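Presented below is the structure to which this report refers.
The values are calculated or read from the model by the stated rules, or taken from the named source; none is laboratory data. Predicted model, so just to flag it, every value in this text is computed and none were measured. Please note: Cβ atoms are built from the backbone with ideal geometry, for glycine as well, and neighbour counts cover all protein chains shown. The accessibility values were calculated without ligands, DNA or RNA, using every heavy atom of the protein model including side chains. Shrake-Rupley method; radii C 1.70, N 1.55, O 1.52, S 1.80 Å.
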Amino acid sequence: VAMFTNTKSAFLGDTNVRTALSTAIGREEIIKSLLNGLAKPLVVPALSSQLPVAATYEIPARDVDAANELLDKAGWKQSGDDIRTKDGKELRLTLVTAQTDDYQAVSELLARQLRAVGVGVDIQAVDVATLQRSYIAPRNYDLLLYGLNAGADLDPYPYWHSSQAKAPGLNVSQYSSTTADKALVSARATTDANVRQVRLKSFLDAWSADDPAVMLYTPNYLYVTE
């Protein structure tokens, strides 16, 4: 589950702003207070069970001061507890998500965490059909809270290669990076697991520097046995 940032949004084209959003989010609070601890925090779009090198990326603690500094650096100024402004515009983002109890609760907590650094968030929770048709397909959002299924054999290409930025592609952040693209293509060109891991690490390094999404958590898979 991630909060995808629309990198083509007028507000989110600046990496400093995207990194500030990520820095302002507390993953552990989401997991403990809303998910009963039944999830694991994420920071990159890969599970360590699929790609061992993913475990080398440290889950950051929430850092409000650092987030404030990044937003100041990006030119979004705050007076008191007001929403930040720049060139007469408020830093108010639209977050869309599916109309489920979990997603709506997480959205509300994310909005509170971001409001603490002067970012306004307007939540729109809709049914899945409407979400796909009216929001995801036309990329009609600043932020999208949604989940993705990485599959048994990790291949991030469909979700992050620039060729997949427009519908029906699955790159919902509209992320574009020459370095990431090359790494994703080269990772697909080998069947050697070790070589593939090295190439995907290059992708994860580029992705982490650009912050096109805030990876949040992977829920535990619960099942009953007799």
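Output the residues belonging to segment 116-136 that are without any contact (Cβ under 8 Å) to a residue 12 or more places away in the chain and open to solvent by 70 Å² or more (accessible area, probe 1.4 Å).
The answer is Q132, R133.
Name the pairs whose Cβ atoms lie under 6 Å apart, with the first residue in segment 201-226 and more than 25 Å from E28 (Cα to Cα), the second of a type outside the set (G, A, S) and buried (at least 16 other Cβ atoms within 10 Å of the Cβ), and 6 or more positions between them or separate chains?
F203/L184
Taking G151 as meeting all but one of (1) surrounded by fewer than 16 Cβ atoms within 10 Å (Cβ to Cβ); (2) on the phi < 0 side of the Ramachandran plot; (3) without any contact (Cβ under 8 Å) to a residue 24 or more places away in the chain, write down the number of the exception.
That leaves (2) as the condition not met.
It is to be established whether one or more residues within segment 95-104 are part of a helix (DSSP H, G or I), in contact (Cβ under 8 Å) with a residue 24 or more places away in the chain and in contact with a strand residue (DSSP E or B) (Cβ under 6 Å, 6 or more places away or on another chain). It would help to see each step written out before you state the result.
Within segment 95-104, the subset part of a helix (DSSP H, G or I) is 101-104.
With the extra rule that they be in contact (Cβ under 8 Å) with a residue 24 or more places away in the chain, the set shrinks to 102-103.
After this cut, where a residue has to be in contact with a strand residue (DSSP E or B) (Cβ under 6 Å, 6 or more places away or on another chain) as well, the list is 103.
Taking every residue of segment 95-104 in turn, at least one turns out to be part of a helix (DSSP H, G or I), in contact (Cβ under 8 Å) with a residue 24 or more places away in the chain and in contact with a strand residue (DSSP E or B) (Cβ under 6 Å, 6 or more places away or on another chain).
Report, ordered by the first and then the second residue, all pairs with beta carbons closer than 7 Å, sequence separation of six or more or different chains, a first member in segment 186-197 that is under 12 Å from V53 (Cβ atoms), and a second member that is among the β-branched types (V, I, T) and open to solvent by less than 90 Å² (accessible area, probe 1.4 Å).
R196/T190; Q197/V53
So how many residues does segment 160-188 have that are hydroxyl-bearing (S, T, Y) and either assigned to a loop (DSSP other than H, G, I, E, B) or surrounded by 22 or more Cβ atoms within 10 Å (Cβ to Cβ) (or both)?
The initial filter retains those residues of segment 160-188 that are hydroxyl-bearing (S, T, Y), namely 162-163, 173, 175-179, 186.
Remaining after also requiring either assigned to a loop (DSSP other than H, G, I, E, B) or surrounded by 22 or more Cβ atoms within 10 Å (Cβ to Cβ) (or both): 173, 175-177.
Qualifying residue count, segment 160-188: 4.
Considering only segment 73-101, state which residues are under 18 Å from G147 (Cβ atoms), buried (at least 17 other Cβ atoms within 10 Å of the Cβ) and of a type outside the set (A, V, I, L, M, F, W, C). Don't jump to the end; show me each part of the working.
Kept after step one, since they are under 18 Å from G147 (Cβ atoms), are these residues of segment 73-101: 95-101.
From what's left, buried (at least 17 other Cβ atoms within 10 Å of the Cβ): 95-98.
Answer for segment 73-101, where residues must be under 18 Å from G147 (Cβ atoms), buried (at least 17 other Cβ atoms within 10 Å of the Cβ) and of a type outside the set (A, V, I, L, M, F, W, C): just T97.
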